[in-house]
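Colleague: Questions regarding the structure given below will be posed in turn.
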Amino acid sequence: MTAIRQDAWSEEDDLILAEVTLRHIREGSTQLAAFEEVGERIGRTSAACGFRWNSSVRKSYEEAITIAKGQRQKRSYLKKQTSSRGAQVAGFIIGDGDEIYGNEGAENSLSIDAVIRFLRQWKGTYQEAGRQLKMLERDLRDKEEELSELRAENERLSKEVNTAQSDYRVVNDDYKALIQIMDRARRLAFLSEEEEEIKNRFKMDANGNLERIE
């Protein structure tokens, strides 16, 4: 029976609690199992270990807990992948009928030829995937070149538009200036006609006075 300690927690106790708990998290075990292991190692109850972890130690290891959970998920994923591939290997080899057994005919033994055929099949699959990847990379390069050409064309057209806008402003300014010149010329012509008309209506007498011509 584990002894129940009443003394304060030491730094070493906290370190053991953290290391064991993080290991259980990484391996996909429960924290309760971790607290029980720690309790046996340092002579405390699992309840005391759990209380110490949640109230104090956990706060100092938040980042480590996140990393441990990520490692747990990765381990779980790799385990599933391994199981899946193992099932595929077994299914492929079992499909070969009597040739799956070795020369001794043991039920659980696999023939070398069946394994080689399986590996060759997977090699062909990977080679096909590699060819498809190269095709995708080539398509990507073609698209990038096309995009680069389109960007260059867009830049050229933008420059032409800017040039056309500048030319339009110049022509518009010239047109306005021409209108103003024509307006002034019209007014000057009108004034000249009035002066000529005045000259034709009056004449200077011998005394220097203007007299109206009827």
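The values are calculated or read from the model by the stated rules, or taken from the named source; none is laboratory data. Model, not experiment: these values are computed from the prediction. Cβ sites come from the backbone with ideal geometry, for glycine too, and all protein chains shown count toward neighbours. For accessibility, only protein heavy atoms count, side chains too; no ligands or nucleic acids. Shrake-Rupley method; radii C 1.70, N 1.55, O 1.52, S 1.80 Å.
Colleague: Counting only protein heavy atoms and using a 1.4 Å probe, what share of the accessible area of the stretch 11-79 belongs to carbon plus sulfur, as a whole percent?
Modeller: Values: 2120 of 4260 Å².
Answer for the stretch 11-79 is 50 percent, counting heavy atoms of protein chains only.
Colleague: Using 0.36 nm times the number of residues separating MET135 and ILE112, minus their current alpha carbon distance, what extension gain do you get? All intermediate terms of the calculation are to be shown ahead of the outcome.
Modeller: On the way: separation 23, 0.36 × 23 = 8.28 nm, distance 3.46 nm.
Stretched fully, the MET135-ILE112 segment lengthens by 4.8 nm.
Colleague: Further question on the same structure: If you scale each eigenvalue of the Cα gyration tensor by 5 and take the root, what three semi-axes come out for the stretch 39-83, rounded to whole angstrom and sorted largest first?
Modeller: Details: eigenvalues 166, 46, 9 Å².
In descending order the semi-axes read 29, 15, 7 Å.
Colleague: Please list 3J(HN,Hα) in residue order for the stretch 24-37, calculated via the Karplus relation 6.51 cos²θ - 1.76 cosθ + 1.60 where θ = phi - 60°; whole Hz, with x for glycine and proline.
Modeller: Listing the rounded values in order: 5, 5, 4, 7, x, 7, 9, 5, 4, 5, 5, 5, 5, 5 Hz.
Colleague: At a Förster radius of 41 Å, what calculated FRET efficiency corresponds to the Cβ-Cβ distance of THR66 and TRP9, to the nearest 0.05?
Modeller: 0.95
Colleague: Let me ask something else. For a quick size check, give me the Cα extents of the stretch 11-79 along its three principal axes, largest first, whole Å.
Modeller: The principal-axis extents, from largest down, are 36, 21, 17 Å.
Colleague: Okay, next question. Tell me which residues come under 5 Å, amide H to amide H, from THR45 once H is placed; ignore anything under 5 positions away on its chain.
Modeller: ARG5
Colleague: Which whole-Hz ³J(HN,Hα) couplings does the stretch 160-167 yield from phi under the Karplus relation 6.51 cos²θ - 1.76 cosθ + 1.60, θ = phi - 60°, glycine and proline marked x?
Modeller: 5, 5, 4, 5, 4, 5, 5, 4
Colleague: Which order do peptides 14-27, 148-161 fall in by mean Cβ count within 10 Å, highest first?
Modeller: 14-27, 148-161
Colleague: Starting from the 7 Å offset along Cα-to-Cβ, what nm value, one decimal, do you get for the label separation of SER158 and LYS176?
Modeller: Going by the 7 Å Cα→Cβ label model, 2.8 nm.
Colleague: In whole Hz, what ³J(HN,Hα) sequence does the stretch 148-158 give by Karplus (6.51, -1.76, 1.60; θ = phi - 60°), x for Gly and Pro?
Modeller: Coupling constants for the stretch 148-158: 5, 5, 5, 5, 5, 5, 5, 5, 5, 5, 4 Hz.
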